[in-house]
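Here the structure comes first, spelled out in C-alpha cells, and everything after it is commentary.
The values are calculated or read from the model by the stated rules, or taken from the named source; none is laboratory data. Computed from a prediction, not measured in an experiment: that's the story for all the values here. Here the Cβ is made from the backbone with ideal geometry for all residues, glycine too, and neighbour counts use every protein chain on show.
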Amino acid sequence: MSALTFALASGRALSAQTPNAPGVRLDAGRFTVVAEARDARLARTLLTSAQANDSFPGLPRPTSHVLIAVAPNAARFRQWVGPHAPEWGAAIAIPDEQRLVMQGGRAGSDAGDPVVVLRHELAHLALHERMGRLPPRWFDEGYASVAAGEWTRDEAFETSLTMVWRTLPSLDRLEEGFFAGASEATWSYAMAYRVVSELQALDPVNGLANFFSYWKSTGSMEKGIRQAYGMTGEQFEKHWKTRTRSRYGALSLVTNVSAVFGLFGLILLPLYVSKRRRDRRKLEAMRAQDLAQEQAARASALQALLDAGVEPALEPGSDLDDAVGRAAGPTGVSGVS
C-alpha cells in the first residue's frame, strides 16, 4: 500500500514519501489535500480555492476537518470511491468521514472545472455537518449546485424539448431520477437546482438560513417551509413548477424549433443546390439542342432552294447575304447569263 493510499484508507495525511510512491500533502486551516506529485499544482490550486471560499448559503461556517484526495486516474478514482460510484461522477463526497475524492489532471473533459467540482462537493459536506441525514438526495444535489454557482444546470431546461411537454415531477418523485442512468440524472440535477434556487429566492434577505433552522429544529422539511416562507409544501411545489415552466417552456420550444429548422436546412441546402445545378445544366443542354436544330433547319432550307434552282429572297444581314455577295460581280450582278 502506497503512502498516499494509506492516507486515504486511514483518513490521515501522508506520514512519509517514498521513491516508489511519490505524493504530496498540503495542510491549511481545516483542509488537507493529498495527491501524487504530478498533481501537486492542482492540489495547491484546490487548497487555495477551498480556503478562500469557505462559507455556504444559509449555513454557519463549517468547522470539521476535511480530507481532499486527488485520484491520479479514473481507475484509482473508482478504487477509492468503491463499487457504488456513478459512472458519470467526476468527484464524490463521503459526508460521514468528511472526505471527498476527485479526479486529477488526467480526468477527461467531461469532468468539469475542478474548482467548481470541489466547491460542489464541499457544499455536500457543509450541509451534512449542519443538517445530518435530514436532506433527501435531490435537495442535497440541488443545494450543492446552487452553492457552487453551477448556472449551466439551467441549460438542461433551455435546450431540452422535454420542457415543452414533459410533466415536472413532484418533489417525492424527483429522487428517483438520480438512480436511472446518466441522462435522467442530468435532468434530475437540473430540476433539483431549480427547486433549491426558487426556495432560496422566496426570502431575499435570509435566503435559506431560516428554513434550515426550522427544518433542523422540527425535523420536517414541510414544517420548515411553512415556518420560513409561510406556504405549504404543496403550494411551494406548484410555485416552482409554474415559475420554471413560464421561464423556460417557451424558450425551450423556440430553441428546439430553431434547431430543427437548422438541421433541416443543413440537410436540404445541399440537395437544393444540387438540384439547381442539374436544372441549369439541363437548360443549357436544351438551349444548345434548340440552336443546333435551328441551324440545321436553315441549312436544309437553303439546300432545298439551291437544288430547285430558285434564288431565295434573302434578308439583309443573313448568312446567305455574304454568300451571294461573294458570287456577284463588281457591279453586284451575277456573271451568269
Notebook entry, point to check: Taking the stated definitions as given, is HIS124 closer than 23 Å to TRP187 by Cβ, modelled with pLDDT of 95 or more and touching a helix residue (DSSP H, G or I) at 6+ places or on another chain (Cβ under 6 Å)?
Noted result: yes
Notebook entry, point to check: Checking ASP154 against (1) in a loop (DSSP other than H, G, I, E, B); (2) at pLDDT below 80, which single condition isn't satisfied?
Noted result: (1)
Margin query: Here are the criteria: (1) over 21 Å from ALA147 (Cα atoms); (2) modelled with pLDDT of 95 or more. Tell me which single one ALA52 does not satisfy.
Written below: (1)
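So which of LEU125, LEU67 ends up being touching a residue at least 40 places away in the same chain (Cβ under 8 Å), within 23 Å of TYR143 (Cα to Cα), among the hydrophobic types (A, V, I, L, M, F, W, C) and in contact with a Lys or Arg (Cβ under 7 Å, 6 or more places away or on another chain)?
Details: LEU125 fails: in contact with a Lys or Arg (Cβ under 7 Å, 6 or more places away or on another chain).
The conditions single out LEU67.
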Item checked: Residue satisfying all of: in the range 19-45; farther than 14 Å from ARG99 by Cα and hydrophobic (A, V, I, L, M, F, W, C); surrounded by the fewest Cβ atoms within 10 Å (Cβ to Cβ) among these -> ALA28
Check: Conditions: (1) modelled with pLDDT under 90; (2) on the phi > 0 side of the Ramachandran plot. PHE178 meets all but one. Number of the miss?
Finding: (2)
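Does SER213 satisfy the condition of being among the small types (Gly, Ala, Ser), surrounded by 16 or more Cβ atoms within 10 Å (Cβ to Cβ) and modelled with pLDDT of 95 or more?
Working: among the small types (Gly, Ala, Ser): yes; surrounded by 16 or more Cβ atoms within 10 Å (Cβ to Cβ): yes; modelled with pLDDT of 95 or more: yes.
Spelling it out, SER213 is indeed among the small types (Gly, Ala, Ser), surrounded by 16 or more Cβ atoms within 10 Å (Cβ to Cβ) and modelled with pLDDT of 95 or more.
I'd like the residue in the range 170-206 that is in a loop (DSSP other than H, G, I, E, B) and within 29 Å of the chain's Cα centre (by Cα) and, out of all such residues, is farthest from ARG137 (Cα to Cα). Give the steps one after another, and end with the answer.
Here is the first cut: in the range 170-206, the residues in a loop (DSSP other than H, G, I, E, B) are 170, 180-181, 202-206.
Keeping just the survivors that are within 29 Å of the chain's Cα centre (by Cα) gives 170, 180-181, 202.
On the way: SER170: 14, ALA180: 14, GLY181: 15, LEU202: 21 Å.
Checking each candidate, the answer is LEU202.
In this structure, is THR45 under 30 Å from GLY207 (Cα atoms) and either among the basic types (Lys, Arg) or within 29 Å of the chain's Cα centre (by Cα) (or both)?
yes
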